[in-house]
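Written below as structure tokens is the structure these notes are about.
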Ligand code: SF4
């Protein structure tokens, strides 16, 4: 289970303007929304400004993305004569070198450098011709570390995307801690054992594939196996969990209580799970009841499951899904 003491908070990257630094081209900050602020409680935020990082200074001439849909350049808005594309892309390497412990990154909506998606694209004559780009730095970050969870402040308004982002960031933090302790086939199997129900909640086929992958763990070079494993695990967690897939996991977990909890109490639990399946109550309700039963009837395997607490409860992310 991830360590949730304040001293061990996972480290999350964030666009410096969102973190209250006056680094925008006009010397201003960007107000973070309440969700970005909440994440500041659960993560240690480390801020970066790619445009400042490549020496553009503040105030500075604004830039925008110019060109065809598959080949944009980051050019100064006024003259299109200064091209910052390569430097902004290279800055992704700088960030990952400065902070190899990053487990996620909060990008900045709409920015030609830091936008997650739907960034405006312009023609040579300066006319807007689409909103179909990632920022140059953001795209390079995704290429350089494809496992790193990314979202922007705008997308974090969506409860499902927010929950998925935080789940993946905590999992990636957990993984980096495991790697730092030294990998072995045995440790990989132990790690996956804790993630089984979380993976099942996101993607049942991946749950089966990961089991198969680790069944032959002893016959493969551990580094190669680990790379394949974590790519598949993070890919599975990026799939959106649904009412149906969560319900499936809740019923699986309830099955462990068959012998220890009286029938009428199990009936009550099942009815809460059913209400959740129908969208009448949030996930936190049946889950709280499950936790209550497991507190009275401890089960070491269920206690170890990340699904039960993938991130701090204070984030209240399961109150809305
Ligand atoms: S969006 Fe990115 S490049 Fe622009 S000011 Fe914010 S951190 Fe700097």
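The values are calculated or read from the model by the stated rules, or taken from the named source; none is laboratory data. Bear in mind the structure is a predicted one, so any value in this text is a computation, not a measurement. So basically every Cβ, Gly included, is an ideal-geometry build from the backbone, and we count neighbours across all protein chains shown.
Structure values in brief
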| item | result |
| --- | --- |
| Those residues of region 108-130 which are away from the ligand (no atom under 16 Å from the Cβ) and either exposed (fewer than 14 other Cβ atoms within 10 Å of the Cβ) or part of a loop (DSSP other than H, G, I, E, B) (or both), in sequence order | 123, 124, 125, 126, 127, 128 |
| Per-region count, region 14-56, residues closer than 16 Å to residue 136 by Cα and in a strand (DSSP E or B) | 3 |
| Filtered residues of region 84-107 (kept if away from the ligand (no atom under 14 Å from the Cβ) and either closer than 19 Å to residue 161 by Cβ or part of a strand (DSSP E or B) (or both)) | 102, 103, 104 |
| Qualifying residue in region 161-176 (condition: out of contact with any strand residue (DSSP E or B) (no Cβ under 9 Å at 6 or more places or on another chain), part of a helix (DSSP H, G or I), in the same structural domain as residue 309 (by TED's automatic domain parsing) and surrounded by fewer than 24 Cβ atoms within 10 Å (Cβ to Cβ)) | yes |
| Failed condition for residue 44, given (1) without any contact (Cβ under 8 Å) to a residue 40 or more places away in the chain; (2) within 16 Å of the ligand (Cβ to nearest atom); (3) in contact with a strand residue (DSSP E or B) (Cβ under 6 Å, 6 or more places away or on another chain) | (2) |
